[in-house]
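Novice: First, the structure itself, so that you have it in front of you.
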Ligand code: ADP
Ligand code: TRP
């Protein structure tokens with residue numbers, strides 16, 4: 001029998017889930033969880049959200065919205081281990097232990113930290129660390145702990161997370177070198193097919209850029225949002241390039257092969273932007289409508305969702321408590337008899 005692969009991924013609970021999260025993370029992770037010989041660990045990275053936001057209501061709401069999105073999109077809690085990071089104390093314990101084998105120099109090279117110091121440099125602030133919190137600096141260690149606490153084999157993430165996976169491997173290898181083979185070296189799985197979905201302004205759709213299309217807008221707001229997508233000023237009747245078009249890229253992430261080809265032909269024939277937006281809206285609405293209905297049901301039964309997460313944490317801790325006990329043993333933290 002083939003050995004089961006452990007696949008793990010998380011979403012930071014720092015905002016309203018959007019179509020980029022849906023196409024780039026939620027749907028592929030659910031799809032992967034249905035494969036044979038896979039055990040999936042999907043979680044809400046709520047402690048990570050404190051790095052970006054110190055707004056308790058936002059952190060709390062986002063956590064709920066992202067959990068409800070996973071379930072509405074078809075995550076089966078009987079097949080997947082689905083939990084909140086903050087319900088797994090082993091992760092925080094491991095984060096400390098890992099920080100004791102991680103060179104500060106490695107963290108100095110992390111993209112998020114370097115970006116923060118680069119802004120200070122540009123503004124000619126004398127202290128390049130001004131405004132940098134330890135949470136941001138330590139972020140790759142917490143992420144390594146999320147992964148290593150479950151000895152995950154594969155971690156599906158967006159391209160922006162590649163460096164964090166390399167760091168998790170470096171940290172695991174360093175620990176193994178010092179204390180013996182406790183950790184597997186996790187492998188990043190970067191979904192290049194979906195690529196990066198653009199937001200309504202054409203740059204990467206991201207909570208940080210204020211350009212997202214949230215998954216759970218009502219019909220009218222979804223249409224309004226789609227009408228806001230930036231286009232060029234080519235008139236109807238003039239052939240249009242589908243390659244560099246936000247509307248087309250969004251359509252491509254959700255429509256079937258045949259539908260994509262049809263729209264491509266209409267671009268060549270000079271479709272008007274209003275019509276292209278209507279086609280995108282119909283496609284998105286047909287995909288989102290059933291999810292929206294399930295989302296509303298979940299929203300009105302918070303107890304059920306809470307119960308699923310608590311049960312998920314119990315299941316998750318069966319794995320993480322065994323691993324942390326191997327880690328403690330390896331570093332010499334244990335009872336006397
Ligand atoms: P954001 O940039 O909005 O803060 P996150 O960093 O929380 O998004 O991303 C959560 C997951 O969603 C990651 O796996 C990430 O790669 C994926 N994701 C985020 N934005 C996009 C996008 N525009 N296109 C494709 N995937 C995305
Ligand atoms: N840092 C990831 C992001 O912003 C979210 C995340 C936290 C994660 N811990 C993780 C992803 C562990 C995969 C594995 O997208």
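Novice: Scan the stretch 126-149 for residues that are away from ligand 1 (no atom under 16 Å from the Cβ) and part of a helix (DSSP H, G or I) and report the count.
Specialist: Matching residues across the stretch 126-149 total 7.
Novice: Then there's this: Tell me, yes or no, whether the stretch 179-199 has at least one residue that is surrounded by fewer than 19 Cβ atoms within 10 Å (Cβ to Cβ), in the same structural domain as residue 108 (by TED's automatic domain parsing) and assigned to a helix (DSSP H, G or I).
Specialist: Yes, there is a match, as at least one residue in the stretch 179-199 is surrounded by fewer than 19 Cβ atoms within 10 Å (Cβ to Cβ), in the same structural domain as residue 108 (by TED's automatic domain parsing) and assigned to a helix (DSSP H, G or I).
Novice: Pairs under 7 Å by beta carbon, first residue without any contact (Cβ under 8 Å) to a residue 40 or more places away in the chain in the stretch 13-40, partner more than 8 Å from ligand 1 (Cβ to nearest atom) and part of a helix (DSSP H, G or I), six or more apart or different chains?
Specialist: 38/32
Novice: Name the single residue that is nearest to ligand 1 (Cβ to nearest atom) among those in the stretch 24-45 being more than 21 Å from residue 65 (Cβ to Cβ) and in a strand (DSSP E or B).
Specialist: 38
Novice: Could you count how many residues in the stretch 277-312 are surrounded by 15 or more Cβ atoms within 10 Å (Cβ to Cβ) and over 29 Å from residue 19 (Cβ atoms)?
Specialist: 1
Table: residues versus (1) free of Cβ contacts under 8 Å to residues at least 12 places away in the same chain; (2) more than 30 Å from residue 44 (Cα to Cα).
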| residue | (1), (2) |
| --- | --- |
| 268 | no, yes |
| 271 | no, yes |
| 283 | no, no |
| 286 | yes, no |
| 306 | yes, no |
| 309 | no, no |
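Novice: Write out, first by first residue and then by second, each pair whose Cβ atoms fall under 7 Å of each other, whose residues are 6+ apart or on separate chains, and whose first residue, in the stretch 152-172, is within 23 Å of residue 322 (Cα to Cα) while the second is near ligand 1 (Cβ under 10 Å from one of its atoms) and at pLDDT below 90.
Specialist: Note: pairs meeting the criteria are 165/157.
The values are calculated or read from the model by the stated rules, or taken from the named source; none is laboratory data. Quantities reported herein were computed from a predicted structural model and do not represent experimental measurements. As a convention, Cβ positions derive from the backbone with ideal geometry for all residues, glycine included, and neighbour counts pool all protein chains shown.
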